[in-house]
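A quick write-up on the structure given underneath.
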Amino acid sequence: MRDTASGPRVLLKRLRELMQEPLEPQERLDRIVRDIAANMVAEVCSLYVLRADSVLELYATEGLNPKAVHLAQLRLGEGLVGTIAASARPLNLSNAQEHPAFAYLPETGEEIYNSFLGVPVLRAGRTLGVLVVQNKTMRHYRDDEVEALETTAMVIAEMIATGDLARLTRPGLELDLRRPVSFTGLSFNEGVGLGHVVLHEPRIVVTNLFNEDSDEEIKRLDASLGSLRLSIDDMLERREVAFEGEHRQVLEAYRMFANDSGWVRRLEEAVRNGLTAEAAVEKVQSDMRARMLHMTDPYLRERMSDFDDLANRLLRQLMGRGPDDVAVSLPKDAIIVARSMGAAELLDYPRDKLRGLVLEDGAATSHVVIVARAMGIPVAGQMKGAVSMAENGDAIIVDGEEGAIHLRPQPDLEAAYAEKVRFRARRQEVYRELRKKPSMTKDGVQVDLLMNAGLAVDLPQLAEAGAAGIGLFRTELQFMVASTFPRAEAQERLYRDVLDAARGKPVTFRTIDIGGDKVLPYFKDTIQEENPALGWRAIRLTLDRPGLLRTQIRALLKACGGRELKLMLPMVTELGEIAQAREIIDREVRHLSRFAHHLPTSLKLGAMLEVPSLLFQLDELMKAVDFVSVGSNDLFQFVMAVDRGNTQLADRFDVLSTPFLRALKQIADAGVRNQTPVTLCGELAGKPISAMALIGLGYRSISMSPASIGPVKAMLTELPLAELEAFFDDNLMAPAQGLPMRALLQAFADDRSIPL
Ligand code: PEP
Ligand code: MG
């Protein structure tokens, strides 16, 4: 009996030799198709490569008319070859001419061949071309022959991807792999970034394709599969916070896939055909991804990304890489392209090399976006498919104004954007000039523009942006980027650094706001929750774990010795929580004074207004605290019942909708009534149009990301506040012509040339 594995093995060995020989690309291709034909006992072997104009061009053939090379072409979807490319699936036919898609190309002389086997040339799920064998006799190719041809196609994919064939393309034409593509999604942070792609979870490039000994390689594959299964079981058993809820489901799915006999069988088959275990994982994954690309069922597509992650884990096991390998050789103009990303992961990249962030998912208020905004980099989100179209090192433009990206842009587009970047730089210059102007409306009313921060990296921006202080210091960020609980000394050091950097400008520290979407992987106490946003988070969690709160408060009190401490509590739902927190604070103050510590000169305690229950006890709230800060991100989420991280809903409801603005007005009024300072520190404060609305509603202090201060100040200094107040008197309870408030506000600004 014929050893089914020996055919492909010999062929792969031969291909490896051919790849290493110093040959011209055409010569190499000609020899490759000749060897494949010989090995598969086929009379014809042809390679078609997909061009950027969606045409499949014959690049090499053994058996068909050699004059047809670079002349014979089919459009994507046309003929058998076009069908294979469009569907990313093989076609195995004993009588090709009977197939409804068959298209006759007279220049090739293929009419005498009956049987036909064609497979897509795939890389990371993308079709780069089609590889075909044909025979005169009517025969059906066996499964192992299909498998062998697919494996061979993988080698060719590598050749195409490494740019080996670029020299064979006619002037003016390009291979599909290099095609410029643009995506439109949402803008999550303004700005324009030009740079080069860094895939956040880079497809691990498998360079070692051919194994020396299949049996040994199968053992290696099995061992890695074994450790992969163990590590998943281990993660499932450790009830860690990061693995609760959805994450747990994903892991359960991983466990199922890792034990999936179909997957394992396909991997082993590929190894028996001569591939290394790594190359086998890549091949099986690429086949599967290409097939799934055409599925529309979102559940199955989601499962595919689970499978991708699993395959990546397996590759890392096989290649002995740690899971946290951040791109080592980062270009100096890196644009990170990710499916989704945690805030901490973004912080692993050096800020000075980041020029932008592209996310397939995400929402404007998700934490990675907030962190990116703090870092001042443009972010474009909801770029579905960007990850599979991008290759590491590709030129890319992130347009954070339009919410678009351009991969491998044409030179004229790139030039236009370079001009835009220069224009923005000039505008930044104008903003810098504005820093010297008082922070007042056109009619002389002072409004404090503060900045949000949370990390030491933010601090230099205080001076750069010309902020009046820090209106929200998110202390949990230090916890989120650490791998264990930051020690009391480390907390104190950070707080002291913040105050030193502020040089007497006010700083409002918020006690740790964890839970919900802000998980600390090392925090073992977390429970599994159906609705984490409504769950055990922020002040609820810290009151139940007072040790955590006490340590933080003590660190804050010590860091603020001799200076003022402004402290606020996140997610307050009822006033009793403020009283409880106050007790803990008082006890810490007593403790420190007993040991003669240098105490803050004054202590102001505030509450964040993020939960709608407080809207119905505004006067009591104002009396219970020294100040109130509206957390509009969460308040909007709860008032509108819209998950702030849900991409499906990201654009559905407007933060400038009338009911929400009315709620904001009531808060501002209650502050005035009770002489309690009110500020707002959600993302709402950072957009000139919404900042304008807030000022019109009575807010005299707002806190935003540093990059927003310039544009907001440009608006502020041109704003005739009295007219805006009159506008709200007329429109807030009865919007003119029933128009949306955003449209009315825009018209108000346009009529008065207020820059928004
Ligand atoms: C808010 O909810 O608006 C807020 C400022 O807090 P965070 O975004 O950190 O939840
Ligand atoms: Mg909040």
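The values are calculated or read from the model by the stated rules, or taken from the named source; none is laboratory data. Model, not experiment: these values are computed from the prediction. A quick note on method: Cβ atoms are made from the backbone with ideal geometry, for glycine too, and the neighbour counts reach across all protein chains shown. Heavy atoms of the whole protein, side chains included, go into the accessibility calculation; ligands, DNA and RNA do not. Shrake-Rupley method; radii C 1.70, N 1.55, O 1.52, S 1.80 Å.
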Q) Does any residue of the range 651-658 turn out to be assigned to a helix (DSSP H, G or I), under 17 Å from ILE695 (Cα atoms) and more than 16 Å from ligand 1 (Cβ to nearest atom)? A) yes
Q: Identify the residue in the range 516-548 that is within 16 Å of ligand 2 (Cβ to nearest atom), open to solvent by 20 Å² or more (accessible area, probe 1.4 Å) and within 28 Å of the chain's Cα centre (by Cα) and, among all such residues, is modelled with the lowest pLDDT.
A: ASP517
Q: Scan (1) buried (at least 18 other Cβ atoms within 10 Å of the Cβ); (2) out of contact with any Leu (no Cβ under 9 Å at 6 or more places or on another chain) for the single condition ALA749 breaks and write down its number.
A: (2)
Q) Does ASP619 satisfy being more than 16 Å from ligand 1 (Cβ to nearest atom) and in a helix (DSSP H, G or I)? A) yes
Q.
Can you confirm whether ILE512 is in contact (Cβ under 8 Å) with a residue 12 or more places away in the chain, open to solvent by less than 10 Å² (accessible area, probe 1.4 Å), within 16 Å of ligand 1 (Cβ to nearest atom) and of a type outside the set (Gly, Ala, Ser)?
A. yes
Q) Taking helices (runs of 4 or more DSSP H) that fall entirely within the range 678-756, which contain at least 1 residues that are among the β-branched types (Val, Ile, Thr)? A) 688-697, 706-716
(Q) As an exercise: evaluate LEU569 against (1) under 30 Å from the mean Cα position of the chain (by Cα); (2) more than 15 Å from ligand 1 (Cβ to nearest atom) and give the number of the one condition it does not meet. (A) (2)
Q: Would you mind telling me which numbered condition in (1) of a type in the set (Ser, Thr, Tyr); (2) surrounded by fewer than 16 Cβ atoms within 10 Å (Cβ to Cβ); (3) within 16 Å of ligand 2 (Cβ to nearest atom) SER629 fails?
A: (2)
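Conditions tested, residue by residue: (1) modelled with pLDDT of 90 or more; (2) in contact with a Leu (Cβ under 9 Å, 6 or more places away or on another chain); (3) closer than 23 Å to MET451 by Cβ; (4) not in a loop (DSSP other than H, G, I, E, B).
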residue: LEU346; (1), (2), (3), (4): no, yes, yes, yes
residue: ASP352; (1), (2), (3), (4): no, no, yes, yes
residue: ARG355; (1), (2), (3), (4): yes, yes, yes, yes
residue: VAL368; (1), (2), (3), (4): no, yes, yes, yes
residue: VAL387; (1), (2), (3), (4): no, yes, no, yes
residue: ILE396; (1), (2), (3), (4): yes, yes, no, yes
residue: GLU401; (1), (2), (3), (4): no, no, yes, no
Q) Going through the range 484-505 one residue at a time, which ones are open to solvent by 60 Å² or more (accessible area, probe 1.4 Å) and at negative phi? A) THR484, PHE485, ARG487, GLU489, ARG493, ARG496, ASP497, ASP500, LYS505
**Q.** Cβ-Cβ under 9 Å pairs, at least 6 apart or on other chains, the range 424-453 side in contact (Cβ under 8 Å) with a residue 24 or more places away in the chain, far side open to solvent by 80 Å² or more (accessible area, probe 1.4 Å) and in a helix (DSSP H, G or I)
**A.** ARG432/GLU464; ARG435/GLU464; ASP443/GLU723
Q | When residues of the range 707-746 are limited to those that are among the charged types (D, E, K, R) and touching a residue at least 60 places away in the same chain (Cβ under 8 Å), the one most open to solvent (accessible area, probe 1.4 Å) | A | ARG742
Q | Checklist (1) closer than 25 Å to ALA641 by Cα; (2) away from ligand 1 (no atom under 16 Å from the Cβ); (3) over 32 Å from the mean Cα position of the chain (by Cα); (4) among the small types (Gly, Ala, Ser) applied to ALA736, failing item | A | (1)
Q) If VAL206 passes every condition in (1) crowded, with 18+ Cβ neighbours inside 10 Å; (2) modelled with pLDDT of 85 or more; (3) of a type in the set (A, V, I, L, M) but one, which one does it miss? A) (2)
Q.
With basic (Lys, Arg) and within 11 Å of ligand 1 (Cβ to nearest atom) as the only criterion, which of ARG644, ARG700 stands out?
A. ARG644
**Q.** Pick from the range 598-607, criterion open to solvent by less than 40 Å² (accessible area, probe 1.4 Å) and not small (Gly, Ala, Ser), ranking: nearest to ligand 1 (Cβ to nearest atom)
**A.** LEU605
Q. Would you call THR551 of a type in the set (S, T, N, Q), outside any helix (DSSP H, G or I) and open to solvent by 10 Å² or more (accessible area, probe 1.4 Å)?
A. no
Q: Kindly list, by first and then second residue, each pair from a residue in the range 670-685 that is in the same structural domain as ARG510 (by the TED database) to a residue that is within 12 Å of ligand 2 (Cβ to nearest atom) and in a loop (DSSP other than H, G, I, E, B), limited to pairs with Cβ atoms under 9 Å and residues at least 6 apart or on different chains.
A: LEU680/GLY631; CYS681/GLY631; GLY682/THR365; GLY682/GLU610; GLY682/GLY631; GLU683/THR365
Q: Output yes when any residue across the range 608-615 is in a helix (DSSP H, G or I), within 13 Å of ligand 1 (Cβ to nearest atom) and either more than 38 Å from the chain's Cα centre (by Cα) or charged (D, E, K, R) (or both), and no when none is.
A: no
Q) Take the residues of the range 610-624 that are hydrophobic (A, V, I, L, M, F, W, C) and open to solvent by 10 Å² or more (accessible area, probe 1.4 Å): which is nearest to ligand 2 (Cβ to nearest atom)? A) VAL611
Q: Would you mind stating whether ASP669 is within 26 Å of LYS713 (Cα to Cα), within 16 Å of ligand 2 (Cβ to nearest atom) and part of a helix (DSSP H, G or I)?
A: no
Q | Selection count where residues are at pLDDT 85 or above and either surrounded by 20 or more Cβ atoms within 10 Å (Cβ to Cβ) or not in a helix (DSSP H, G or I) (or both), scope the range 152-168 | A | 5
Q) Do you know which of the residues in the range 634-662 that are open to solvent by less than 20 Å² (accessible area, probe 1.4 Å) and within 12 Å of ligand 2 (Cβ to nearest atom) is farthest from GLY185 (Cα to Cα)? A) LEU635
Q.
Any residue that is in a strand (DSSP E or B), more than 16 Å from ligand 1 (Cβ to nearest atom), surrounded by fewer than 17 Cβ atoms within 10 Å (Cβ to Cβ) and in contact (Cβ under 8 Å) with a residue 12 or more places away in the chain - is there at least one of those in the range 573-595?
A. no
Q: Take the range 461-515 and flag every residue that is assigned to a helix (DSSP H, G or I), away from ligand 2 (no atom under 16 Å from the Cβ) and either in contact with a Pro (Cβ under 6 Å, 6 or more places away or on another chain) or farther than 30 Å from TYR431 by Cα (or both).
A: GLN461, ALA465, GLN478, VAL481, ALA488, GLU489, ALA490, GLN491, GLU492, ARG493
Q) For SER182, are the conditions met, namely being of a type in the set (Ser, Thr, Tyr), closer than 26 Å to SER286 by Cα and in a strand (DSSP E or B)? A) yes
Q. Is it the case that the range 373-380 has a residue that's open to solvent by less than 20 Å² (accessible area, probe 1.4 Å), under 27 Å from LEU462 (Cα atoms), charged (D, E, K, R) and part of a helix (DSSP H, G or I)?
A. yes
